[in-house]
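Computed from the coordinates by the stated procedures, all read-outs in this text should not be read as laboratory data. Just so we're clear, the structure is a prediction, and the values are computed from it rather than from any experiment. FYI the Cβ positions are ideal-geometry reconstructions off the backbone, even for glycines, and counts take in every protein chain you see.
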Amino acid sequence: MSGRDVLKNCPLDRWAWVEIDLGALRANVRTFKALLEPRTKLMCAVKADAYGHGAVECAKAMYAAGANQFAVATVAEGVELRRAGISWPILVLCEPPLDAIDTLLAHDLMPSIYTSDFAFSLGERAVALGKVGRYHLAIDTGMTRIGVLPDDVVELRHLIDFHRGLECAGTFTHFATADVIGDWDFKQQSSRFSRAIAALEAAGLDHGLVHCDNTPGTVLHPELHNDMCRVGIGLYGLHPSATTEPRVALRPVMSVRARVTRAIYPAVGEGVGYGLTYRVPTPNIQIATVPIGYADGLARVLSNHMDVLVNGVRVRQVGRICMDQFMFAVDTSRRSLGSVKTVAPVECGDVVTILGTDGGQTISADEMARLRDTINYEVTCDFGMRLEKVYV
Ligand SMILES: *Cc1c(COP(=O)(O)O)cnc(C)c1O
């Protein structure tokens, strides 16, 4: 996509936006559905506002493309989906505070459970309200984050199962190393999980839907798909690790764009931004301003290290990234160097691509993650902070 084509997406009141390609999102959902047996359900992780992509719009598009259930991290995220009219099953991926129970029941949100205290309170309130508290049992098979320990699974269920206000709709665990091929710890987690499921069955307890695979698990471990897969990052078109790249083709969903608000030719020696960490080294360097900053998720640690695309050409970001704006340099003198691609001066209003494709060039979330020493998940979450999302 070229700069001019995307101008129509620019909001009226701010020359900066996030573009969400719902066609790519639906294609990714279908790609994951195609990896699953027809009977296996797809639970889409839309926590953290769908990894920064906008949970309500994404959940609707995902459902249209074949998703069955949704997972959120907080009660408030679940409530947001319900208020938007989303009626499909929603799992909250933690055991929230006891004070959240009425909200869970009012909005038909399933908590993850791993303590008897929470289970009893949920059951009590459910009975008082004439409802049933549906939940998923979380098992900690080795990530040491949430869940009941494998040896305590049957005991916990025996303790709470008398309660008529409770219904176990699922049993799950989460892998710490699903992206590492042939990993010993992964095998350890998966065998602990299957033993816990077998123990529940031997005790005659209904475990509901069994699920454990996240994105890398779903791609690399079809033998563990069970009743449902919980997929997040892959739906947004990004790979959790290099190990899944050769196995499945995905289309990135998020782009970040802006328009140049000012462009000038400062004299040689003039500085740019707080601390003047960049100084104009030669004549004919144009300095352009872009209205996106670290409060929009463009991490300040990228200052003087990242590129942006303008008119299909990579140019260098210069000076410290501010809270709401950053600057980049265009070396218009490069026209005189015969072999180097001509860099035309930019103009106020030109489209700048911070994340995504312009012409033949792409800046990926993976490139940005490497520069930030983090993972693509954090890159897209961060861009969800403040920029207006435009669904295309
Ligand atoms: C976030 C999350 C997922 C999805 O993980 P991806 O790596 O994005 O696929 C699945 N399960 C749990 C418990 C999670 O917290």
### Query
Out of curiosity, is Val248 within 13 Å of the ligand (Cβ to nearest atom) and either of a type outside the set (D, E, K, R) or in contact with a Gly (Cβ under 7 Å, 6 or more places away or on another chain) (or both)?
yes
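What number of residues within segment 228-284 are aromatic (Phe, Trp, Tyr) and surrounded by 21 or more Cβ atoms within 10 Å (Cβ to Cβ)? Write out each step before concluding.
As a first pass, look at segment 228-284 and keep what is aromatic (Phe, Trp, Tyr): 236, 265, 274, 278.
The next check asks that each one be surrounded by 21 or more Cβ atoms within 10 Å (Cβ to Cβ); those that pass are 236, 278.
The qualifying residues number 2.
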### Query
What pairs can you find where one residue is in segment 223-236 and away from the ligand (no atom under 11 Å from the Cβ), the other is of a type in the set (D, E, K, R), and their Cβ atoms are less than 9 Å apart, with a gap of 6+ or different chains?
Leu224/Asp213; His225/Glu37; His225/Asp213; Asn226/Asp213; Asp227/Arg39; Asp227/Lys41
#### Entry: Members of segment 178-192 found to be within 13 Å of the ligand (Cβ to nearest atom) and outside any loop (DSSP other than H, G, I, E, B), listed by number
Gln189
### Task
Determine which single condition Ala128 fails, assuming it passes every other condition in (1) within 16 Å of the ligand (Cβ to nearest atom); (2) surrounded by fewer than 19 Cβ atoms within 10 Å (Cβ to Cβ).
(1)
### Task
Filter segment 19-68 for residues that are closer than 21 Å to Gly208 by Cβ and among the polar types (S, T, N, Q) and give the result.
Thr40, Asn68
